[in-house]
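Q: This is the structure I have questions about; it appears just below.
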Amino acid sequence: MHRISCMRAWNVFRLSTLLLLAGCATKADVARNIANDQAALPPNTVALSQMMRELSAQPGFTDQLLNYLNKGGKNGAYLTPKLFDTLRQMILGKDWTGLDRFPGWTIHHVTQTVDVGSRLIKTDDQPYDVAAGVNIGPYNLHQSQTESLDAPSDRPGFQADITPLLAGVTHGDGPDPKIAPMHSESARLAEVMNRLSLNGYRDTAPFTVTLQQNTAHTPQELVQALVATGHTVTVANARYFANFGHFHYNGKDVEMPFFLDSQLLVPRDHWWQKKHRLLIPVAHAEYEWIINGPKINANVAFYFGIDGRAEFRTNDEQNQPWVMGHHAHEYHDADAVEVTRLTGNMLRAYAYLHAAHAQLPFGGYYTLGVCQDVVNAIEFKMTGKTTLFPSTAQTELFHDQPDAEITKLMEAVPKDTGGTPPDPARIFGSLPTTDYASLTVPGLRDDVQRSYDAWQNGTLDRRVVLTGEQMTILGIVAATGLVLWVLRRRRSANR
């Protein structure tokens, strides 16, 4: 009998071991999935891990790369001291699988590092200069001016900002062949829309734009004037994978997504396998004005970037193909006018917020939101829902600007920094395509398709992640229970 029990125990032990080995989503499993899906990479593209595997041994290269990671406004993520340290450790430790899914944290975990990093960074006590914080070109905030759009723009053409680094690596992207030729008109139009948005900001002098017989005092009136003069205006709610590197290696694009833990679990093939986390690349989101007509052809974007600027911008650098691109919504006519009105009001609201909180590091990026927050807020006004993740703005700060409508919209956007799991609709809505088989990140296509199908049929599971507050509460409960148990044992012993 004893021998039979031992044999059963040994068999259970062996089976448990096999199940454990089959069920664990180890780094080897992740590496294998990535290696088996290299076809997802677009042509002329290499992964960050491949570049670093080949170059990390070169003296000084890792530090040089890290120094460039926060350049530009479209990155979608900036590296806090903790994230910098994590990335450096992965490179120095040759953790290539970790690098392929960097950092793989929940947004709550990222927020904790942002809070710590913000306290460590010293900021100037200089007052906010709105003329320096918003690109208004040659225009003046304290002098009444009128700009005619009947004459061609005198702004210079596209100029690439490309920096050579070590060993065949460059930082920066060249021109988009479709829209860079419009750079001169796009640059002037962005400056004009920024200046119009600042009409009514404190003691700003009035600024007027004319186009044929039409006069505009606001960005939305400018859109109306463009339509009235035979121009087609499309405003797109656009999503991309955020490129937090903008590197090229030996003439090839370097794929550098920033992964977040969605808190969703990818379904398994078999019951004995363990479900694994759905890690998704963070998105970059923006509104884009696509203008075609008899006088003006331009492409302008608006977003709140890691440069701390919430403004209209030119949008004509070449996106690397792996970031893809998707218009979740397109607006025309009255809807295009309304989105433009809300965007101009957002710009003015952020000017007030920057003035009220000039001490915030990174220009308030993350604390006042990321690129998704503004797009989410306007999407909510236009459609009644939000389909982007994550949103990080501390919306109580928006009471420090006078536009109650903007405050209300920002308060309606779901908050992700506290650890509450996001709606799956926002996870899948953030992806820059609805054709998940075409995703350009190795190992991601199968995970997303499985997870999406499970969501549609009601079997998608979440991963339980406890926040710091919840851990504290559980700790208090556990400690209280332990004390009560000890007291009870002592009383029983004394009887």
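The values are calculated or read from the model by the stated rules, or taken from the named source; none is laboratory data. Since the structure is predicted, the reported quantities are computational estimates derived from the model, not experimental observations. Ideal geometry is used to build each Cβ from the backbone, glycine not excepted, and the neighbour counts take in all protein chains shown. These accessible areas exclude ligands, DNA and RNA; they are computed on the full protein's heavy atoms, side chains included. Shrake-Rupley method; radii C 1.70, N 1.55, O 1.52, S 1.80 Å.
Q: Taking the options Met346, Met324, name whichever one is in contact with a Pro (Cβ under 6 Å, 6 or more places away or on another chain), touching a residue at least 24 places away in the same chain (Cβ under 8 Å) and hydrophobic (A, V, I, L, M, F, W, C).
A: Numbers: Met346 fails: in contact with a Pro (Cβ under 6 Å, 6 or more places away or on another chain).
Within the list Met346, Met324, the selection yields Met324.
Q: Please go through the stretch 206-219 and give me each residue that is open to solvent by less than 10 Å² (accessible area, probe 1.4 Å) and more than 26 Å from the chain's Cα centre (by Cα), ordered by number. Can you show your working first?
A: Filtering the stretch 206-219 for residues open to solvent by less than 10 Å² (accessible area, probe 1.4 Å) gives 207, 209, 211, 216, 219.
Passing the criteria: Phe207, Val209, Leu211, Ala216.
Q: Of the conditions (1) in a loop (DSSP other than H, G, I, E, B); (2) at negative phi; (3) touching a Ser or Thr at 6+ places or on another chain (Cβ under 9 Å), Tyr366 satisfies every one except a single condition; which number is it?
A: For Tyr366, the failing item is (2).
Q: Then there's this: Which condition does Arg188 not pass, out of (1) at pLDDT 95 or above; (2) among the charged types (D, E, K, R); (3) surrounded by fewer than 17 Cβ atoms within 10 Å (Cβ to Cβ), if it passes all the others?
A: (3)
Q: Output the residue which, of all residues in the stretch 409-463 that are open to solvent by less than 30 Å² (accessible area, probe 1.4 Å) and among the β-branched types (Val, Ile, Thr), is nearest to Phe258 (Cα to Cα).
A: Selected residue: Val441.
Q: Just name the residue that is nearest to Phe158 (Cα to Cα) out of those in the stretch 303-322 that are part of a loop (DSSP other than H, G, I, E, B) and small (Gly, Ala, Ser). Explain how you work it out, then say what you get.
A: Kept after step one, since they are part of a loop (DSSP other than H, G, I, E, B), are these residues of the stretch 303-322: 305-309, 315-316, 318-320.
Right, trim to small (Gly, Ala, Ser) and you get 305, 308.
Numbers: Gly305: 20, Gly308: 23 Å.
Restricting to residues being part of a loop (DSSP other than H, G, I, E, B) and small (Gly, Ala, Ser), the top hit is Gly305.
Q: So Asn199 passes all but one of these: (1) of a type outside the set (Ser, Thr, Tyr); (2) closer than 25 Å to His246 by Cβ; (3) in contact with a His (Cβ under 8 Å, 6 or more places away or on another chain). Which condition number does it fail?
A: (2)
Q: Return the residues of the stretch 328-351 that are within 20 Å of Ser391 (Cβ to Cβ) and either part of a loop (DSSP other than H, G, I, E, B) or open to solvent by 40 Å² or more (accessible area, probe 1.4 Å) (or both); say none if nothing qualifies.
A: His329
Q: Within the stretch 291-308, take every residue that is buried (at least 21 other Cβ atoms within 10 Å of the Cβ) and not β-branched (Val, Ile, Thr) and give me the one that is farthest from the chain's Cα centre (by Cα).
A: Ala298
Q: A follow-up question, please. Can you find, within the stretch 220-249, the residue that is farthest from the chain's Cα centre (by Cα) among those that are of a type in the set (A, V, I, L, M, F, W, C) and part of a helix (DSSP H, G or I)? Step through it out loud before you land on a result.
A: Here is the first cut: in the stretch 220-249, the ones of a type in the set (A, V, I, L, M, F, W, C) are 222-223, 225-228, 233, 235-236, 238, 241-242, 244, 247.
Remaining after also requiring part of a helix (DSSP H, G or I): 222-223, 225-228.
Values: Leu222: 29, Val223: 28, Ala225: 33, Leu226: 31, Val227: 32, Ala228: 35 Å.
That would be Ala228.
Q: Let me ask you something else. Would the stretch 374-383 turn up any residue that is polar (S, T, N, Q) and either open to solvent by 10 Å² or more (accessible area, probe 1.4 Å) or more than 25 Å from Ala190 (Cα to Cα) (or both)? Write out each step before concluding.
A: First pass over the stretch 374-383, keeping only residues polar (S, T, N, Q): 376, 383.
Restricting the remaining residues to those that are either open to solvent by 10 Å² or more (accessible area, probe 1.4 Å) or more than 25 Å from Ala190 (Cα to Cα) (or both) gives 383.
Yes, because at least one residue in the stretch 374-383 is polar (S, T, N, Q) and either open to solvent by 10 Å² or more (accessible area, probe 1.4 Å) or more than 25 Å from Ala190 (Cα to Cα) (or both).
Q: Okay, moving on. Taking into account only those residues within the stretch 153-173 that are touching a helix residue (DSSP H, G or I) at 6+ places or on another chain (Cβ under 8 Å) and closer than 23 Å to Tyr249 by Cβ, which is most open to solvent (accessible area, probe 1.4 Å)? Talk me through it step by step, then tell me what you get.
A: To start, the set of residues in the stretch 153-173 that are touching a helix residue (DSSP H, G or I) at 6+ places or on another chain (Cβ under 8 Å) comprises 153-158, 163, 165-167, 169, 171.
Still in the list and also closer than 23 Å to Tyr249 by Cβ: 163, 165-167, 169, 171.
Numbers: Thr163: 37, Leu165: 25, Leu166: 66, Ala167: 40, Val169: 2, His171: 20 Å².
That would be Leu166.
Q: Taking the criterion of being on the phi < 0 side of the Ramachandran plot, buried (at least 20 other Cβ atoms within 10 Å of the Cβ) and modelled with pLDDT under 80, would at least one residue in the stretch 83-100 satisfy it?
A: No, every residue in the stretch 83-100 fails to be on the phi < 0 side of the Ramachandran plot, buried (at least 20 other Cβ atoms within 10 Å of the Cβ) and modelled with pLDDT under 80.
Q: Also, quick follow-up: If I filter the stretch 139-147 for residues that are open to solvent by less than 30 Å² (accessible area, probe 1.4 Å), in contact (Cβ under 8 Å) with a residue 60 or more places away in the chain, closer than 25 Å to Ala310 by Cβ and out of contact with any Cys (no Cβ under 9 Å at 6 or more places or on another chain), do I get at least one hit?
A: We begin by selecting, within the stretch 139-147, every residue open to solvent by less than 30 Å² (accessible area, probe 1.4 Å); these are 139, 141.
With the extra rule that they be in contact (Cβ under 8 Å) with a residue 60 or more places away in the chain, the set shrinks to 139, 141.
Then keep just the ones that are closer than 25 Å to Ala310 by Cβ; that gives 139, 141.
Remaining after also requiring out of contact with any Cys (no Cβ under 9 Å at 6 or more places or on another chain): 139, 141.
Taking every residue of the stretch 139-147 in turn, at least one turns out to be open to solvent by less than 30 Å² (accessible area, probe 1.4 Å), in contact (Cβ under 8 Å) with a residue 60 or more places away in the chain, closer than 25 Å to Ala310 by Cβ and out of contact with any Cys (no Cβ under 9 Å at 6 or more places or on another chain).
Q: Moving on. If you check Met7, Met51, which single one turns out to be at pLDDT 85 or above, part of a helix (DSSP H, G or I) and either open to solvent by less than 70 Å² (accessible area, probe 1.4 Å) or aliphatic (A, V, I, L, M) (or both)?
A: On the way: Met7 fails: at pLDDT 85 or above.
Checking each option against the conditions leaves just Met51.
Q: Still on this structure, I have one more. Taking the options Thr420, Thr386, Thr407, name whichever one is among the polar types (S, T, N, Q) and either under 24 Å from Arg188 (Cβ atoms) or out of contact with any helix residue (DSSP H, G or I) (no Cβ under 6 Å at 6 or more places or on another chain) (or both). It would help to see each step written out before you state the result.
A: Working: Thr386 fails: either under 24 Å from Arg188 (Cβ atoms) or out of contact with any helix residue (DSSP H, G or I) (no Cβ under 6 Å at 6 or more places or on another chain) (or both); Thr407 fails: either under 24 Å from Arg188 (Cβ atoms) or out of contact with any helix residue (DSSP H, G or I) (no Cβ under 6 Å at 6 or more places or on another chain) (or both).
Exactly one residue qualifies, and that residue is Thr420.
Q: Could you list, in sequence order, the residues of the stretch 191-205 that are part of a helix (DSSP H, G or I) and open to solvent by 10 Å² or more (accessible area, probe 1.4 Å)? Can you show your working first?
A: Of the stretch 191-205, the ones part of a helix (DSSP H, G or I) are 191-197.
Listed by number, the list holds a single entry, Glu191.
Q: Any residue that is open to solvent by 50 Å² or more (accessible area, probe 1.4 Å) and modelled with pLDDT of 95 or more - is there at least one of those in the stretch 252-270?
A: Of the residues in the stretch 252-270, the ones open to solvent by 50 Å² or more (accessible area, probe 1.4 Å) are 252, 268-270.
This time we only want the ones that are modelled with pLDDT of 95 or more, so: 252.
Looking for residues that are open to solvent by 50 Å² or more (accessible area, probe 1.4 Å) and modelled with pLDDT of 95 or more, one finds at least one in the stretch 252-270, hence yes.
Q: Name the residues in the stretch 401-438 that are touching a strand residue (DSSP E or B) at 6+ places or on another chain (Cβ under 7 Å), in a helix (DSSP H, G or I) and farther than 15 Å from Leu279 by Cα, would you?
A: Selection gives nothing.
Q: Could you go through the stretch 133-145 and let me know if any residue there is modelled with pLDDT under 95 and either hydrophobic (A, V, I, L, M, F, W, C) or at positive phi (or both).
A: No, there is no match, as no residue in the stretch 133-145 is modelled with pLDDT under 95 and either hydrophobic (A, V, I, L, M, F, W, C) or at positive phi (or both).
Q: Within the bounds of the stretch 231-244, is there any residue that is under 20 Å from Ser153 (Cα atoms), in contact (Cβ under 8 Å) with a residue 24 or more places away in the chain and open to solvent by 20 Å² or more (accessible area, probe 1.4 Å)? Even if it seems obvious, please write down each step before you answer.
A: Going through the stretch 231-244, the residues under 20 Å from Ser153 (Cα atoms) turn out to be 231-233.
Adding the requirement that they be in contact (Cβ under 8 Å) with a residue 24 or more places away in the chain leaves 231-233.
Adding the requirement that they be open to solvent by 20 Å² or more (accessible area, probe 1.4 Å) leaves 232.
Yes.
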